[in-house]
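Engineer: The structure follows.
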Amino acid sequence: PHAETVSKLADCPTAINEGPLAHDTLRDLFVTTVVYHKDDKIEQPSGMFCYDPKKDAWNEIKPANAIPDPVVQWMRLCYDSTHDCFIGLGKGTFHAFRYVPPK
């Protein structure tokens, strides 16, 4: 611990106070899904966001299909390396997402 350094990461493009991040071990990226409903009156972007530790940068991921509604504000994700996809749990329902890097 004495030789360990701690660095501030780039700011996420939306507010997340739980921020469950799933680690894509194939691409070494971290993904989170955040959904703020208009009724919550929270003025923050919703969507899927990806952190690249090599670039210390966040990008928004545009999924091919809409994020299921209603989901909890922060969808818990895990990465399945065998099938190269993320599995998310919304209110009692599982969803699968595959990350396709932008061209």
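Engineer: Considering only the range 22-59, how many residues are at pLDDT below 90 and either assigned to a loop (DSSP other than H, G, I, E, B) or more than 26 Å from Ser81 (Cα to Cα) (or both)?
Structural biologist: 12
Engineer: Quickly run through the range 79-92 and pick out the residues that are in contact (Cβ under 8 Å) with a residue 24 or more places away in the chain and either among the charged types (D, E, K, R) or open to solvent by less than 70 Å² (accessible area, probe 1.4 Å) (or both). Let's see the steps before the verdict.
Structural biologist: Just the residues of the range 79-92 that are in contact (Cβ under 8 Å) with a residue 24 or more places away in the chain, to begin with: 79, 81, 84, 86, 88.
Tyr79, Asp84, Phe86, Gly88 - these are the residues of the range 79-92 that are in contact (Cβ under 8 Å) with a residue 24 or more places away in the chain and either among the charged types (D, E, K, R) or open to solvent by less than 70 Å² (accessible area, probe 1.4 Å) (or both).
Engineer: Loosely packed, with under 15 Cβ neighbours inside 10 Å and either modelled with pLDDT under 85 or small (Gly, Ala, Ser) (or both), is that true of Lys103?
Structural biologist: In short, yes.
The values are calculated or read from the model by the stated rules, or taken from the named source; none is laboratory data. Small disclaimer: the values here were computed from a predicted structure and weren't measured. FYI the Cβ positions are ideal-geometry reconstructions off the backbone, even for glycines, and counts take in every protein chain you see. Surface areas here come from the heavy atoms of the whole protein model, side chains and all, with no ligands, DNA or RNA. Shrake-Rupley method; radii C 1.70, N 1.55, O 1.52, S 1.80 Å.
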